[in-house]
Amino acid sequence: MRKFIAHRGNNNHGYFENTCEALLASLNTSYIDGVELDIRRTKDNQLVMIHNATIASTSDGHGIVKYMTLDALQQYNFGTTSQSSKICTLDTFLQKVHSHKIIMIEVKESDTEELLYRTIQKYPNLNFYICSFDYDFLIQFKIKHPTYKVGLIMGDIINHNKDINPFDFISTKDIHRKGPKEIFFWGIDSIQACKKTNSNANIITDKSYLFTDCET
């Protein structure tokens, strides 16, 4: 049976993406099978949940994440005007998770491997899927930590010529993709697009609420 993964924790709950509130709300929704989130490293070696390298488009402040401390980042609102939220560390979020649903972590920077492992190894009961566009990072992570599920993200033109055999799953926009690996299709935000996909493939979406009765 296909799984529906809330992209950056987005759904119809009103919280802003990659916030602890959005991710927990999605995990507590029955028709959602997991959440996808992005991590970056701060100046003081904290892993925070944010997509972009800068904070201008996701907060009321300005700056580059890797040059800012966690304390500096937490001075700003990373939520909405009606639902304010502080930037959250991956560790703080995981402390609040009491579910075996998928926690899909997209790694944005290759220098986070040791920090990431030190964080997730504290939560052996959680269901982690580690993914990235960075092929070399994923290979090294899988070699060092073989018990974790690791998957390659494929963009419109990136990573399509890479060997996927070392990985446990792939994440792709190519809805015609088939193969022996577990597949997650991303960018699926309409019923029409959902119905074009293989019924065994999983969906990463901002709008899980649309697909509660999606049939292919």
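Side notes on the structure shown:
- Taking the chain and dividing mean pair separation by its residue count, relative contact order in percent (alpha carbons under 8 Å, at least six apart): 20
- A Cβ-based charge dipole, computed about the Cα centre of region 167-216 with Lys and Arg at +1 and Asp and Glu at -1, lands at about 200 debye.
- Counting only DSSP H runs of at least 4 residues, each contributing -39500 (n - 2.57), and dividing by the residue count of the chain, the helix-based mean residue ellipticity at 222 nm comes to -4500 deg cm²/dmol.
- Note on region 121-181: with charges restricted to the Cβ of Lys and Arg (+1) and Asp and Glu (-1), its dipole about the Cα centre is near 220 debye.
- Cα-projected label distance for residue 110 with residue 53, points at 7 Å along beta-carbon direction, nm: 1.4
- In order along region 63-71, the Karplus-derived 3J(HN,Hα) couplings, from 6.51 cos²θ - 1.76 cosθ + 1.60 at θ = phi - 60°, round to x, 10, 3, 5, 9, 10, 7, 4, 4 Hz, and Gly and Pro are given as x.
- Footprinting exposure proxy for 36, 21, 114 (fewest neighbouring C-beta atoms within 10 Å first): 114, 21, 36
- Placing unit charges on the Cβ atoms of the charged side chains and taking the dipole of the chain about its Cα centre, the candidate lying farthest along the positive direction among 183, 89, 52 is 183.
- With only the Cα atoms considered, region 1-60 has a convex hull volume of 97 Å³ per residue.
- Taking a sphere under 14 Å around the Cβ of residue 156 and counting the other residues whose Cβ falls inside, with K and R at +1 and D and E at -1, yields a net charge of +1.
- Between the C-alpha center of region 164-216 and that of region 70-90 there is a gap of 31 Å.
- Dipole moment magnitude, nearest 20 debye, the chain about Cα centre, only Lys, Arg, Asp, Glu C-beta charged: 360
- For the listed residue pairs 108/173; 3/149; 43/207; 122/149; 3/173, the alpha carbons are over 23 angstrom apart in 43/207.
- The mean sequence separation of alpha-carbon pairs under 8 Å and at least six residues apart, normalised by the residue count of region 150-193, gives a relative contact order of 33 percent.
- Built amide H within the under 5 Å cut-off of residue 186, gap 5+: 172, 173, 204
- Computed from the C-beta positions of residue 95 and residue 160 and an R0 of 41 Å, the FRET efficiency is 0.65 to the nearest 0.05.
Here, each number is a calculation from the coordinates, and none is a lab measurement. Only a predicted model underlies this, so the values are computations on that prediction, with no experimental measurement involved. Positions of Cβ are generated from backbone atoms using ideal geometry, with glycine treated the same way; all protein chains shown enter the neighbour counts.
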